[in-house]
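What follows draws every value from the coordinates through simple rules; no lab data is involved. In this text the structure is predicted, and so the values were computed from the model without any measurement. All Cβ positions, even for glycine, are placed from backbone atoms using ideal geometry, and neighbour counts span all protein chains on display.
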Amino acid sequence: MKKLLLIGRVGAGKTTLTQALKHEKIGYHKTQYIGYEDWLIDTPGEYLENASLASAIALYSYEADVIGILMAADEPYSLYPPNCTGHVNREVIGIITKSHSDCGTERAHRWLALTGCKTIFEVDSVTGEGVENIIKYLSEPQRKPQETTKN
Ligand SMILES: Nc1nc2c(ncn2[C@@H]2O[C@H](COP(=O)(O)OP(=O)(O)OP(=O)(O)O)[C@@H](O)[C@H]2O)c(=O)[nH]1
Ligand SMILES: [Mg+2]
């Protein structure tokens with residue numbers, strides 16, 4: 001499995017997605033510190049929301065193969081600056097959680113696409129909908145960086 005680092009604002013659904021990906025019982029658990037287990041790294045939302053903690057996310061990204069940036073379908077605004085994936089030297093995927101939400105996923109899709117994410121998943125971690133697509137993606141071999149040609 002590729003190792004996945006999950007980031008997103010408080011309540012975006014990182015821990016619930018972690019539980020769903022590991023086929024664990026879904027239950028609320030506030031993340032107080034960065035949880036590093038097997039192929040998943042769960043982070044507290046405060047690390048994304050607070051500039052003084054954000055550098056820890058950058059450090060942990062070096063431990064991961066893929067960075068998953070989460071956005072709940074009902075989030076009122078995006079925390080991610082446009083083209084921010086360009087700063088990351090790892091594959092970055094977008095994950096829309098709470099996809100059952102009345103708000104729909106279209107707006108979250110647009111915001112995640114704006115960050116530069118080419119691959120975007122939609123999940124509902126509570127019902128399990130869409131979660132297998134992420135597991136399948138993580139099970140596939142790592143994409144190799146494109147070879148550069150010499151002139
Ligand atoms: N229906 C539904 N509820 C969700 C989903 N993801 C998260 N939730 C709910 O949203 C709340 C917050 O989810 P968490 O997984 O704790 O969020 P988090 O991103 O880990 O939050 P922090 O640890 O505070 O950063 C919980 O009550 C979850 O049950 C989802 O995909 N569908
Ligand atoms: Mg959490």
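General remarks:
- Using alpha carbons only: equivalent-ellipsoid semi-axes of the chain, gyration tensor based, whole Å: 23, 18, 17
- Our coupling estimate for the stretch 47-55, obtained by passing each phi through the Karplus curve with A = 6.51, B = -1.76, C = 1.60 and θ = phi - 60°, is 5, 7, 7, 10, 4, 6, 9, 4, 5 Hz, Gly and Pro reported as x.
- For Thr97, the shell of other residues with beta-carbons less than 12 Å away shows a net charge of -2, using +1 for Lys and Arg and -1 for Asp and Glu.
- Cys84 versus Asp102: modelled label distance in nm, points set 7 Å from Cα along the beta carbon direction: 2.8
- Here the stretch 1-68 is treated as an ellipsoid with the same Cα gyration tensor; its semi-axes, largest first and in whole Å, are 18, 15, 8.
- Paramagnetic reach from Asp38 (point 7 Å along Cα→Cβ, amide N under 14 Å) across the stretch 1-25: 1-4, 18-25
- Of the chymotrypsin sites (Phe, Trp or Tyr not before Pro) found in the stretch 1-42, those in coil by DSSP whose Cβ has at most 16 other Cβ atoms within 10 Å are Tyr28, Tyr33, Trp39.
- Modelled spin labels at Glu140 and Lys30, positioned 7 Å past Cα toward Cβ, are 3.8 nm from each other.
- Per DSSP, loop GluC sites (Glu not before Pro) in the stretch 57-151 with at most 10 further Cβ within 10 Å: Glu147
- Restricting the stretch 46-151 to chymotrypsin sites (Phe, Trp or Tyr not before Pro) that sit in a DSSP loop and have at most 16 other Cβ atoms within 10 Å of their own Cβ leaves Tyr62, Tyr77.
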